[in-house]
Amino acid sequence: MIANEVTRQRIVELLVPESTVVDGYLDVLGADTPPAKGIGQAAMRVPFVSRIYEPIWRNFFRLAMGSNAVGVRREKQRAVDSLGITEGSRVLDVGCGPGLFTRAFGRAAGESGLAIGLDASPSMLAEAARTNAVGPVGFVRGDAGRLPFRDKAFDAVACFFALHFFPDAEGALAEIARVAAPGGRIAVTALAHPDVVDFPLFRRVYAIGGARSLGYHVVPELLTAAGCEITGRKSSGAVQFVTAVKR
């Protein structure tokens, strides 16, 4: 559940559309649910998968990262550090799933800060609200391609291992940049590949799961076009990690 009424009200103040409380999270989509594409996306909407996501499903992504993979605890700390979260920060976690990172962001932001996780999956958000809505942490059901928040609302925006599932990854990156305040930090981790392996069979294999691997150049170029300065980019296995600052 949303930890307290103060947290709920602070989230509502950042939202543009009206919302309703459903299963402990704020819902701005209602019946307007984006269609699931592929078995991977469909699985993300199954309550059982939401329950086992952290101990089991996440191991797939660790394998994708190859020899540079780290445990979930270190991954969370690295995420907090990359976003420069401090006391009082307002943080958005796009494609938050069951809130694995959102709660860590809330802890780093402290009671005067705010961490919001956004996802389109009701089952993931119900699990997030049940297990991770603590203190200044709350969750919103919304579309990453049309983020329901006002411009320049956040000091930091993260999107970890979710971009490749979005139908409009390009639009989502533009939205991430839009809601970041000037000087705000952005961190994105997604399936990616060098251009030399960008061929039809490769794309079809990922599409079976509803995913889309992006060329190494795509995320940096799109964030730059959206008014951000790239501060870091690192590829590890089939995964790319990009950090940026909104100008």
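Here the Karplus relation 6.51 cos²θ - 1.76 cosθ + 1.60, evaluated at θ = phi - 60°, turns the backbone of the stretch 107-124 into coupling constants of 4, 5, 7, x, 4, 7, x, 7, 10, 10, x, 10, 7, 9, 8, x, 5, 5 Hz, with x for every Gly and Pro. Packing around the peptides 123-132, 225-234, taken as the average count of other Cβ atoms within 10 Å per residue, puts them in this order, highest first: 123-132, 225-234. Neighbours of Val219, meaning other residues whose beta-carbon lies under 10 angstrom from its beta-carbon, give a summed charge of -1 when Lys and Arg score +1 and Asp and Glu score -1. Where the only charges are on Cβ atoms (+1 Lys, Arg; -1 Asp, Glu), what is the dipole of the stretch 95-247 about its Cα centre, to the nearest 20 debye? The calculation lands at about 180 debye.
Bear in mind these aren't lab numbers, they're just calculated from the coordinates by the rules spelled out. These figures come from a predicted structure and were not determined experimentally. All Cβ positions, even for glycine, are placed from backbone atoms using ideal geometry, and neighbour counts span all protein chains on display.
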